[in-house]
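The values are calculated or read from the model by the stated rules, or taken from the named source; none is laboratory data. In this text the structure is predicted, and so the values were computed from the model without any measurement. Methodologically, a virtual Cβ is constructed for each residue, glycine included, from the backbone with ideal geometry; neighbour enumeration extends over all protein chains shown.
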Amino acid sequence: MTPYAPWRRWLCPLVLPNNPKPTLGTVIAHLHDAGRKWSFVLVDKDGNGDPGPLAAIMERLWTGQVSRHGGGQNSREQTPEEAQAAVHLAAAIVQLLATGALGRRSTS
């Protein structure tokens with residue numbers, strides 16, 4: 001299992017439950033485009049709990065895996081340091097999702 005596999009299990013069904021083939025990229029795009037529909041438990045200095053910072057971490061993880069399309073123009077062997085950082089970020093994000101840190105805002 002790669003550090004990126006948990007997305008299909010935890011993140012995609014939470015954010016895009018009706019998408020039959022969600023990807024981390026579609027989830028990130030949705031959080032950027034429809035961020036007002038989501039809340040993140042850590043708020044900024046103004047009290048806003050928008051999911052932008054979490055989406056930014058996800059995007060860095062997604063774009064940082066340059067080997068995800070093996071043989072592509074930018075594909076290369078990832079360093080052990082990159083792999084360790086990716087695993088730690090992925091684990092933190094999965095833990096946040098498992099504990100409800102990201103949720104839909106109530107519409108009332």
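Filter segment 16-37 down to residues that are in a loop (DSSP other than H, G, I, E, B) and not small (Gly, Ala, Ser) and give me whichever is surrounded by the most Cβ atoms within 10 Å (Cβ to Cβ).
Step one: of segment 16-37, the residues in a loop (DSSP other than H, G, I, E, B) are 16-23, 34.
Restricting the remaining residues to those that are not small (Gly, Ala, Ser) gives 16-23.
Numbers: Leu16: 17, Pro17: 8, Asn18: 6, Asn19: 13, Pro20: 5, Lys21: 8, Pro22: 19, Thr23: 14.
Applying the filter and picking the extreme gives Pro22.
How many of the residues in segment 4-35 are modelled with pLDDT of 90 or more and of a type in the set (Lys, Arg)?
0
Being loosely packed, with under 10 Cβ neighbours inside 10 Å and within 21 Å of the chain's Cα centre (by Cα) is the filter here, so list the residues in segment 81-108 that pass it.
Matches in segment 81-108: Glu81, Thr99, Gly100.
For residues in segment 48-82 being touching a residue at least 40 places away in the same chain (Cβ under 8 Å) and in a loop (DSSP other than H, G, I, E, B), which is nearest to Leu11 (Cα to Cα)?
It comes out as Pro51.
Which of the residues spanning segment 61-80 are surrounded by 14 or more Cβ atoms within 10 Å (Cβ to Cβ) and charged (D, E, K, R)?
If the condition is that a residue be surrounded by 14 or more Cβ atoms within 10 Å (Cβ to Cβ) and charged (D, E, K, R), then Arg68 is the only one that fits.
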